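This report concerns only the one structure given below.
The values are calculated or read from the model by the stated rules, or taken from the named source; none is laboratory data. Just so it is clear, the structure is predicted and the values come from calculations on it, not from any experiment. Cβ sites come from the backbone with ideal geometry, for glycine too, and all protein chains shown count toward neighbours. Accessible surface areas use protein heavy atoms only, side chains included; no ligands, DNA or RNA. Shrake-Rupley method; radii C 1.70, N 1.55, O 1.52, S 1.80 Å.
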Amino acid sequence: MITDLRLLPVLNSKGETSVKVSLVTDSGSYSASVPSGTSKGSNEAKELAFEKVRRIFPKLRQKIIGLEENPEKIDRLLISTDRTSNFRSIGGNLALAISIAAARAQSHGNLWKLDGLKENETFPLPIGNVIGGGAHGGGTDWQEFLLIPYMAKNPLEAIESLIHAWYAIGDELKKKSLLVGRNLENAWMANIDEEDTLELISSIAQDWHMRTGIDFAASGLWDGKCYNYRKSGMKLTTDKQFDLVKETAEKYKIWYLEDPFHENGFASFTALTRELSKNHLIVGDDLYCTSLRRLEKGIQEKATNGIIIKPNQVGTLSQSQRVVSLAHSKGFAPVVSHRSGETGDDWIADLGILWNAPLIKTGIMGMERLAKHNRLIQLWEDVPNPRMAELP
Ligand code: PEP
Ligand code: MG
């Protein structure tokens, strides 16, 4: 039984005050803190400022004390108390902190076995962000240039190789006097354009036997008519953006393509998926915002073959879980993801295993990112019969 509930401020990696909830039960105390995005989709659950959350919290605390640690039930209570479609009243950040703390309580701190033990637990392959731009900071308009160590035999090998590749890229940028610093996710920021970045990551990916990816975060470029490239001054129509994305994917063999079009550009996604889905993973992030309704639309329109899962885009674990189940049932790859503003909490690592996700976006460096890696590394030792996900 839940005997107490506490709300605590916690600073995230952007230095903002985020929400942490600690839940006391007969069997112990379980807490969860929640991250915050920068390039957010307009269909995300509403995040409330900590001071507002502090005012709302006592009402929820009263309702939850005395309940069993049943996460599904608690999630339903959060939704019915809120009464809006996007957690405008109680905040998606407060809802998610309670939701995850409750699930942690039920699984005695081992979220990965919330649904019981499977015969073989699959570990997601980490996707590492090596060079950045866009709203996260850096020389390119595209937000993230990514590496995937798809041949790694365990999480430690995967993460070590990402770290080596990240250093190798930093050294190369330094040698050419292009390095500026690190951005919100500790990807390198450099005086470099898309073309040179693609050349660099392609050669590093070859050296390290990795696949490459891009998160275009194209909603940030879209003004309602065109895709605006601020650095080069280019203004691309939808058709021209489509051509650029397709040419880039084919020329540089970019396997993973996230948000190449703006958040309502379903038709462009569908056209790209029709042409590239045989050899590429086309992933919707802002397109879906982890919403069941938007995923249903994506399935109907064959918009992508992958979906980013960010529980704070929707506000509870059970809503996220339903999205993951639907994705799996339709052959869409769920990619569990961190946010640019992360806390030291590591629950996405557990969710990657619980949900059988083939991929997880965790960044590479910085203690808030390494916390997730360290959890995967530890669970590899703890879990019976672990195996790494395999990519098609
Ligand atoms: C992303 O766009 O995939 C991302 C992690 O960034 P943010 O958290 O800023 O949305
Ligand atoms: Mg994204």
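Side notes on the structure shown:
- Helices (runs of 4 or more DSSP H) (entirely within region 307-392) containing at least 1 residues that are open to solvent by 20 Å² or more (accessible area, probe 1.4 Å) and among the aromatic types (Phe, Trp, Tyr): 367-382
- Qualifying residue in region 29-50 (condition: assigned to a helix (DSSP H, G or I) and open to solvent by less than 30 Å² (accessible area, probe 1.4 Å)): yes
- Checking Lys235 against (1) modelled with pLDDT under 95; (2) touching a Cys at 6+ places or on another chain (Cβ under 7 Å), the condition it does not meet: (1)
- Inclusion of Glu195 among residues that are assigned to a helix (DSSP H, G or I) and of a type in the set (D, E, K, R) is warranted.
- Residue match in region 237-249 (condition: over 21 Å from Asn43 (Cβ atoms), small (Gly, Ala, Ser) and not in a strand (DSSP E or B)): yes
- For region 293-320, a residue qualifies if it is farther than 19 Å from Pro71 by Cα and away from ligand 2 (no atom under 14 Å from the Cβ), and the qualifying residues are Arg293, Arg294, Leu295, Glu296, Lys297, Gly298, Ile299, Gln300, Glu301, Lys302, Ala303, Asn305.
- Selection within region 77-115 - in contact (Cβ under 8 Å) with a residue 12 or more places away in the chain and among the basic types (Lys, Arg): Arg88, Arg104, Lys113
Okay, residues lined up against (1) away from ligand 1 (no atom under 16 Å from the Cβ); (2) in the same structural domain as Gly66 (by TED's automatic domain parsing); (3) at positive phi; (4) of a type in the set (A, V, I, L, M, F, W, C):
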site	(1), (2), (3), (4)
Lys14	no, yes, no, no
Thr17	yes, yes, no, no
Ser39	no, yes, no, no
Ala45	no, yes, no, yes
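- Counted residues, region 245-273 - those being touching a Lys or Arg at 6+ places or on another chain (Cβ under 8 Å) and open to solvent by less than 20 Å² (accessible area, probe 1.4 Å): 4
- Here Gly213 passes the criteria (1) under 21 Å from Ala303 (Cβ atoms); (2) more than 16 Å from ligand 1 (Cβ to nearest atom); (3) not in a helix (DSSP H, G or I) except the one numbered (2).
- Answer from Leu178, Leu173, Leu236, Leu198 - the residue that is under 23 Å from Tyr150 (Cα atoms), away from ligand 2 (no atom under 16 Å from the Cβ) and not polar (S, T, N, Q): Leu198
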